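Report on the structure given below.
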Amino acid sequence: MSRRPVVLLTGASGVVGQSLLREEAEVTLLAAARGPVEAGRAARVVRCDVSQPLLGLTADAHRALAAEVDAVVHSAGLTEWGRPAADYEPVNVEGTRHVAEFAAAAGATVHFMSTAFVAALLPGAPGGLTESNVTTPYVRSKLRAEQLLAESGVPHTVFRPTNLIGDAVTGRTSRGQIVQSISDWICRGRAPFVPVHAGNRIDVVPQDLLSIAVLRAVEQGVDSGEFWVTYGPEAMDMGEALRICTEHAAERGRTLTPVPVLDPEDPRAREVAGLSPMTRTYLSVLRDVSEVTRAGGGVLPTSMPELRDRFGVPKVADTEAYRATLRFAAGG
Ligand SMILES: NC(=O)c1ccc[n+]([C@@H]2O[C@H](COP(=O)([O-])OP(=O)(O)OC[C@H]3O[C@@H](n4cnc5c(N)ncnc54)[C@H](OP(=O)(O)O)[C@@H]3O)[C@@H](O)[C@H]2O)c1
């Protein structure tokens, strides 16, 4: 491409969308959102509802946008866990179908933000996900969206990030997500124990690393490939994560008593009577996320070496990035 590619970014108001809109890139970004959005580096905002046919646009507006766009970064999604399967259909599945139809009309490549949790559902995965796992309907919807893109014949890449944290150096994020909430709970000394399967890695990735990889892929005109945005075997274990939480608490004048790490099947990990509803919820989420990681083999697949070589993703220690995330979440 001789001119800067024009990129439609769905989910522009989300955590990933906002991170993408902060990064410098040789692309013209159009921020697609269904409501108000911080436009960042975007050239303009486009009102889109991906759950609607034609992305909620008139036929003329859809045609005009398709004539302009070279690539779509598809980041819109229902990301909250614990909803019934039907809730994920309109946005995660049908929304991806509408994006593929738009891309076909535009002759554009789609860069799809999936999730590393699909590792637990792929053929050959050592374990499985239980129906009661809080993430199962979400993860299934993301895998279905991947399949739909493959069936569409539209050129596309699939990025599979693990749980994202703030920017690598500053810890910045537009909104705290599950890692920040659970970390805060641990750092305040509220966790009676943490349920994690032995051998699991705690794989969290700074959001700017994902953004850099995606934007370089767009600039390079990459139109195929699956990229696991994870640390894989480099990822910290729960002992290291807890050590960082303990140090973070100490910086704020709090002494954390050591938090036991229990196998989720350990009878002591079932003793939740008398714990607050919040604590029970977090323990249950940790158990379910641990099940996802274990179902994928305990260590998530990773493309990190390729992302560094091919897209110039900086080499960042996850432990340092996690520290920065805790500091940012605590107000600096
Ligand atoms: N953040 C992570 O840790 C993580 C990890 C793995 C994968 N991912 C994937 O990365 C993508 C982005 O995640 P995120 O953290 O940025 O999610 P997020 O903060 O929850 O944002 C979701 C985005 O999707 C938009 N959206 C929802 N329904 C829409 C619709 N019908 N039409 C248009 N836009 C709609 C939301 O817009 P509104 O503001 O209007 O609601 C918002 O911009 C998701 O697809 C997610 O599955 C994220």
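Karplus couplings for segment 44-52 from phi (6.51 cos²θ - 1.76 cosθ + 1.60, θ = phi - 60°), rounded to Hz, Gly and Pro as x?
The phi angles translate into 6, 9, 10, 6, 9, 10, 5, 6, 9 Hz.
If you build a Gaussian network model of the chain, linking Cα atoms that sit under 10 Å apart, which residue out of T173, T257, T157 swings the most?
Evaluated over the chain, the most mobile residue of the options is T257.
In the chain, with Lys and Arg counted as +1 and Asp and Glu as -1 at Cβ, which of these residues, G312, A330, S19, has the Cα nearest the positive end of the dipole, that is, farthest along it?
Of the listed residues, the answer is A330.
HN-Hα J couplings of segment 229-244 from phi, Karplus 6.51/-1.76/1.60, θ = phi - 60°, integer Hz, Gly and Pro as x?
Calculated HN-Hα couplings, in order: 8, 8, 9, x, x, 6, 5, 5, 9, 5, x, 5, 4, 5, 4, 5 Hz.
Gaussian network model of the chain, Cα springs within a sub-10 Å range: biggest mean-square fluctuation belongs to which of D60, D318, D167?
Maximum fluctuation in the GNM of the chain, among the listed residues, is at D60.
Over the heavy atoms of D208, what accessible area does a 1.4 Å probe trace out, to the nearest 10 Å²?
Result for D208: roughly 20 Å² accessible.
Solvent-accessible area of M278, probe 1.4 Å, all protein chains present, reported in Å² to the nearest ten, please.
Probe radius 1.4 Å; accessible area of M278 about 110 Å².
Subtracting the Cα-Cα distance from 0.36 nm times the residue separation, let me have the gained length for R252 to T58 in nm, one decimal.
Once the chain is fully extended between R252 and T58, it gains 64.5 nm.
Given axes a ≥ b ≥ c from the Cα gyration tensor, I'd like to know whether segment 6-93 is rounded (a/c under 1.5), prolate (a/b larger than b/c) or oblate.
Judged from the Cα gyration tensor, segment 6-93 comes out oblate (a/c at least 1.5, b/c at or above a/b).
I'd like the accessible area for Y282: 1.4 Å probe, protein heavy atoms, all chains in place, Å² to the nearest 10.
Y282 exposes around 30 Å² with every protein chain in place.
Probe of 1.4 angstrom, ligands and nucleic acids ignored: what's the accessible area per residue over segment 200-332, in square angstrom?
For segment 200-332, the per-residue accessible area is 44 Å².
Once amide H atoms are placed 1.01 Å from N in the peptide plane, what residues at a sequence separation of 5 or more from V6, or on another chain, have their amide H within under 5 Å of its amide H?
Placed amide hydrogens put T28, D70, A71 under 5 Å from V6.
Segment 1-31 to segment 198-224: how many Å between their Cα centroids?
Rounded to whole Å, the Cα centres lie 15 Å apart.
Using the Cα gyration tensor of segment 99-257, with a ≥ b ≥ c the square roots of its eigenvalues, what is the shape: rounded (a/c below 1.5), prolate (a/b larger than b/c) or oblate (neither)?
Note, shape of segment 99-257 comes out prolate.
Can you show me the helix-derived [θ] at 222 nm for the chain, built from DSSP H runs with n ≥ 4 at -39,500 (n - 2.57) apiece and divided by the number of residues, rounded to the nearest 500.
Only helices count here, giving -12000 deg cm²/dmol.
Within the accessible area of the chain, what % is carbon and sulfur when the probe is 1.4 Å and the other protein chains stay in place?
In the chain, the share of accessible area belonging to carbon and sulfur is 51 percent.
How do S132, S183 rank by accessible surface area computed with a 1.4 Å probe, from largest to smallest?
S132, S183
Between rounded, prolate and oblate, where does segment 179-229 land on the alpha carbon gyration tensor, with a ≥ b ≥ c its root eigenvalues, rounded for a/c under 1.5, else prolate if a/b exceeds b/c?
Cα axes put segment 179-229 in the oblate bin.
Gaussian network model of the chain, Cα springs within a sub-10 Å range: biggest mean-square fluctuation belongs to which of A39, A59, A100?
Among A39, A59, A100, the largest mean-square fluctuation in the Gaussian network model of the chain belongs to A59.
In whole percent, what relative contact order does the chain give with Cα contacts below 8 Å and a gap of six or more residues?
Normalised by residue count, the contact order of the chain is 20 percent.
The values are calculated or read from the model by the stated rules, or taken from the named source; none is laboratory data. Treat the numbers as computed from the prediction; the structure is a model and nothing was measured. For neighbour counting, all protein chains shown are included, and Cβ atoms are generated from backbone atoms with ideal geometry for every residue, glycine included. To get the accessible areas, we keep the full protein, side chains included, count just its heavy atoms, and leave off ligands, DNA and RNA. Shrake-Rupley method; radii C 1.70, N 1.55, O 1.52, S 1.80 Å.
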